[in-house]
Amino acid sequence: MAAKSPGRISPHLVAGLEGKVLTAEERDLFSIFPPAGVILFARNVDTREQLRRLCAEVDEVIGKASGLHPLIMADHEGGRISVLARAIGVPPTQMTIWKAFLKTGDPQLPAGVFSETARRMRSCGINMFLGPVADVNSEYLNPVIGTRAFSEAVGEVGEAVEMAVRALAGEQMLTSIKHFPGHGSSAGDSHLLLPVLGMTLDQLRKKDIVPFEKGIEAGADTVMTAHIAPLDRGIPSSLDPVVIRGILREELGFDGVIITDALEMAGILTGTGLVGAAGEVLKDRAGSTAARVLKCPAEGDVGWDDRNADDPSKEEIRLLKPAAVARTALEAGNDLLLFSRPAAEVYRELEEVATVLGGDDDFWDGAFKEISADSLPRIEALRRRIEGFQPPQQGSGSYPVFAGHAVEVMKDPRRLLPFGKGRVPIPVFYGEKEDFSQYPVARFIDMLVELTAGGGAGKAFDVEKLVPVTSARIARTHQPVDIFAFQSGPVEGPRVLVMLFRRPLTRGDIGRIGEGFDVVVTAERPWDSYCMKDGGAIITCYGISDSTAEGIAGILAGERV
C-alpha cells in the first residue's frame with residue numbers, strides 16, 4: 001500500500017521544489033511518480049535565466065515521464081505576493097490596479113498589467129497564474145486579503161476578475177480564480193486557523209460567490225477552494241462536497257479543474273470534516289492533541305484567538321500530517337491537491353500516512369478509482385492545452401504608469417506637501433518583524449529611499465538594522481506585538497513614516513504610532529489612514545510595488561507627480 005500510494009495519487013498532485021535547481025531525489029521521484037505540476041516560491045527564484053532553466057528542467061523530466069507538459073504555477077499576484085520578484089519584478093496589487101482604473105477609466109490599464117505579467121511569467125516557462133483573486137474585501141480586520149482584492153464592491157470585483165481572466169487568456173496563461181467561496185469577509189488567517197465567516201452559504205451566494213460566476217463566464221481554467229467555513233457549515237469549504245460539488249459544479253456549472261489551497265495551511269487541519277482513516281491518522285500522530293485541534297469553533301466565532309486557553313500551538317499543529325487530508329479533499333470534489341512543501345517531503349509523508357491507513361484499502365481500491373476516472377480527464381485536458389501554446393512575446397519591460405493614479409493625499413492640513421528641493425526626507429519604516437521579511441518589501445524600501453533621498457544605486461534595506469521602537473496590540477485579539485523600525489540614515493528635517501503593517505492593529509495604537517510625524521504613509525492597509533489623529537499629512541496607497549514607490553516619491557518631492 002505504501003509504495004503504491006504516491007503512484008496512485010501523483011497525477012492529482014501539485015507540490016513545491018526544494019531549491020533553485022531540481023535535486024537528484026526530485027528528478028528520480030518525478031521520473032517514477034510524475035505529478036500534475038509544481039508550484040514555485042521565492043526559495044526557487046534567483047534570476048530570470050535561472051528560473052528559465054529550472055522550469056525547462058521540470059518540463060523535461062515530468063513531460064518525459066507522463067507524456068504531458070506539467071502545470072508550472074506561482075502566486076505572482078502583485079505587491080507583497082510576488083514570489084517571482086527577483087526574476088521578473090513586482091506588479092502593482094489588484095487594488096492598486098482597480099483604483100487607477102477608476103480614476104482613468106481606461107480598460108487597457110488593467111488588461112495591460114495582467115498581459116505584461118503573463119508575458120514575463122511565460123517567458124520564464126511558467127504556464128499557470130494562481131489568480132486573479134476573486135475575493136470581495138469586505139472586512140477591515142481581514143489579515144490576509146486586503147489589497148490583494150480588487151475592491152470592496154461586489155460588482156467591481158466581478159468586472160475586474162472578468163477583465164483579468166480575459167487578459168491572461170489572451171497571453172495563453174492558465175488562470176485560477178481564488179479563494180472559493182470567498183475569503184474576503186473573514187477576520188481570521190487560514191494559514192493559522194480555520195476562519196469561520198460571518199455569512200451563511202445563502203448570503204455568500206448573493207455576494208462573495210458572484211465574482212466567481214463572472215470569472216467562470218470569462219473562461220477561468222481552474223478554481224481554488226479556500227480553507228474557510230461558512231457560518232452554517234462549520235467545516236473547511238475545501239473539504240465540503242456541499243460547497244464544491246453542490247455549488248461550484250452543479251449550481252455554477254463549472255466543468256474545469258478544481259484545486260485546493262495549500263494543504264499545509266492550518267485552516268484545513270484545525271477544523272472538522274475529515275473522514276475515514278484521515279482522522280485516525282491525526283489522532284495516531286498527535287494523540288489527544290488532535291481531538292482538541294480538530295474541534296470546530298462555536299457558531300459565529302471567527303476562529304481561535306490568543307485569549308483562548310485551549311488554542312492549539314504551532315508545535316501541536318506541526319504534529320498533524322497534511323497528507324492525511326488527501327482522501328477527504330478528493331472525495332469533496334477537488335481534482336488537484338496543492339502542497340507548498342518540497343515534493344520529496346510530500347511524497348515521503350504520503351507513504352508514511354498510507355502505512356497507517358489500514359481501514360482505507362476499500363477507498364483506494366474502489367471509490368478512489370471512480371473519483372480519479374472522473375477527475376483525470378479534466379486535468380489531462382488542461383495539461384494538453386499547454387501543447388498548443390505559442391512561444392510567448394517578450395514583456396515590454398514596464399507596466400502601465402500608475403504613479404499619481406493609485407497613491408493619494410488623504411489630508412494635508414498644514415500644507416506640507418510637496419517638500420520641494422532642499423527638504424528631502426529620510427523615510428522611517430514601521431512594521432512587525434515579519435512585515436519586513438519578503439523580497440518585494442526590501443525592494444520597495446530600497447526604491448523609495450533612492451527616489452526620495454537620492455541615495456544613489458545600491459541596497460538601502462538591511463534586516464540587521466531593524467530596531468524595536470514600541471509595542472502595539474492586534475485588533476480583535478489584543479495580542480501584544482513588538483513594532484520595529486528601519487531608516488537608512490539620520491532623520492533631519494521632515495519626518496515621514498511609512499507603515500508596512502499587514503495585520504490590523506487596534507485603532508488607538510494606529511493613531512498613537514503615527515504621532516510626531518509630519519507625514520504618515522499607509523502603504524499596505526489604506527483603511528488605517530482613517531485612524532490617524534489630526535495634525536500631519538496622510539498619504540494612502542493600496543499595496544507596495546515599484547509603481548507605488550514612484551507615486552509616494554512624486555508626492556513628497558513634487559517633481560515626479
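A few notes on this one:
- In the range 38-76, the residues that are outside any helix (DSSP H, G or I), open to solvent by 10 Å² or more (accessible area, probe 1.4 Å) and under 22 Å from ASP261 (Cα atoms): PHE41, HIS69, ASP75
- Residue match in the range 214-229 (condition: hydrophobic (A, V, I, L, M, F, W, C), within 13 Å of VAL136 (Cβ to Cβ) and open to solvent by 10 Å² or more (accessible area, probe 1.4 Å)): no
- Annotation note: Cβ proximity below 7 Å between a residue of the range 82-110 that is open to solvent by 20 Å² or more (accessible area, probe 1.4 Å) and a residue that is of a type in the set (A, V, I, L, M) (sequence gap 6+ or interchain) occurs for VAL83/LEU40; VAL83/ALA42; VAL83/VAL45; VAL83/ALA74; ARG86/VAL45; LYS99/ALA406; PHE101/LEU109; PRO107/MET163.
- Matching residues in the range 20-37 - criterion: being open to solvent by 10 Å² or more (accessible area, probe 1.4 Å) and either part of a helix (DSSP H, G or I) or without any contact (Cβ under 8 Å) to a residue 40 or more places away in the chain (or both): LYS20, VAL21, LEU22, ALA24, GLU25, ARG27, ASP28, LEU29, SER31, ILE32, PRO34
- Condition met for ARG292 (among the charged types (D, E, K, R), modelled with pLDDT of 65 or more and over 21 Å from the mean Cα position of the chain (by Cα)): no
- Residue pairs meeting the criteria (Cβ under 7 Å; at least 6 apart or on separate chains; first touching a residue at least 60 places away in the same chain (Cβ under 8 Å), in the range 527-543; second crowded, with 20+ Cβ neighbours inside 10 Å and among the aromatic types (Phe, Trp, Tyr)): GLY536/PHE517
- Residue ID - farthest from PRO391 (Cα to Cα), chosen from residues in the range 52-69 that are within 27 Å of the chain's Cα centre (by Cα) and of a type in the set (Val, Ile, Thr): ILE62
- Residue in the range 127-140 that is of a type in the set (A, V, I, L, M, F, W, C), open to solvent by less than 10 Å² (accessible area, probe 1.4 Å), assigned to a loop (DSSP other than H, G, I, E, B) and under 18 Å from LEU71 (Cβ atoms) present: yes
- Verdict on GLU116 being acidic (Asp, Glu) and either touching a residue at least 60 places away in the same chain (Cβ under 8 Å) or on the phi > 0 side of the Ramachandran plot (or both): yes
- Residue in the range 110-120 that is of a type in the set (Asp, Glu) and under 27 Å from ARG52 (Cβ atoms) present: yes
- Residue within the range 189-202 that is open to solvent by 10 Å² or more (accessible area, probe 1.4 Å), of a type in the set (Gly, Ala, Ser) and within 16 Å of the chain's Cα centre (by Cα) present: no
- Residue within the range 152-170 that is open to solvent by less than 10 Å² (accessible area, probe 1.4 Å) and of a type in the set (D, E, K, R) present: no
- Any hit, the range 262-273, residues being open to solvent by 10 Å² or more (accessible area, probe 1.4 Å), touching a Ser or Thr at 6+ places or on another chain (Cβ under 7 Å) and at pLDDT 80 or above: yes
The values are calculated or read from the model by the stated rules, or taken from the named source; none is laboratory data. Here the structure is a predicted model, which means the values were calculated and not measured. When we count neighbours, we look across all protein chains shown, and the Cβ atoms used for this are built from the backbone with ideal geometry, even at glycine. Ligands, DNA and RNA are excluded from the accessible area calculation, which covers all protein heavy atoms including side chains. Shrake-Rupley method; radii C 1.70, N 1.55, O 1.52, S 1.80 Å.
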